[in-house]
Amino acid sequence: MTEVLSPRIKRRSTEITIQYFELLDRHLSDLVNGKAMEMLELKDIASLLCISQKHLIKIIQETSGNHPCHFYVNKILTCTKDLLINSTLTISTIAQTLTYDPSNFTKFFKKYEGITPSEFRQLKKAKSSP
């Protein structure tokens, strides 16, 4: 009986994984566009997907090889970099848009990127100028 369920279980895991990534993209877009005011936590995301947080973690790790937070952080960083490069928003405003305290935001960014948001912006501007 396990063999009969296996393709269905795989299909459901794939669906949940796709929904997770779509939800992250939509949520970050909503934050940037002012449609959302709070950063969702993993438990909130799991609830929106109608599964437990524990089940979400298990599925994302099985299907993608990393904890869901790994992907969430990467998407936040991608969004941050886009805002730093393509907007004139202050770093403080970007932090607040993404629901971070500005000083914690700088620490968060530097932890993963090795440089501050300000340094990142300056590097990108220097590379793009003729």
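Considering only residues of the stretch 100-117 that are in a helix (DSSP H, G or I) and open to solvent by 50 Å² or more (accessible area, probe 1.4 Å), which is nearest to residue 21 (Cα to Cα)?
Here the residue is 112.
Quick check on residue 2: is it polar (S, T, N, Q), at pLDDT below 95 and open to solvent by 90 Å² or more (accessible area, probe 1.4 Å)? I'd like the intermediate steps shown before the answer.
Working: polar (S, T, N, Q): yes; at pLDDT below 95: yes; open to solvent by 90 Å² or more (accessible area, probe 1.4 Å): yes.
So residue 2 passes the test.
For the stretch 78-99, which positions are surrounded by 14 or more Cβ atoms within 10 Å (Cβ to Cβ), free of Cβ contacts under 8 Å to residues at least 40 places away in the same chain and outside any helix (DSSP H, G or I)?
89
Kindly evaluate residue 38 against the criterion of being open to solvent by 80 Å² or more (accessible area, probe 1.4 Å) and closer than 21 Å to residue 101 by Cα.
yes
The values are calculated or read from the model by the stated rules, or taken from the named source; none is laboratory data. Everything numeric in this text was worked out from a predicted model, so none of it was measured. Note that each Cβ is placed from the backbone with ideal geometry, even for glycine, and that neighbours are counted across all protein chains shown. Please note that ligands, DNA and RNA were not included when accessible areas were found on the heavy atoms of the full protein model with its side chains. Shrake-Rupley method; radii C 1.70, N 1.55, O 1.52, S 1.80 Å.
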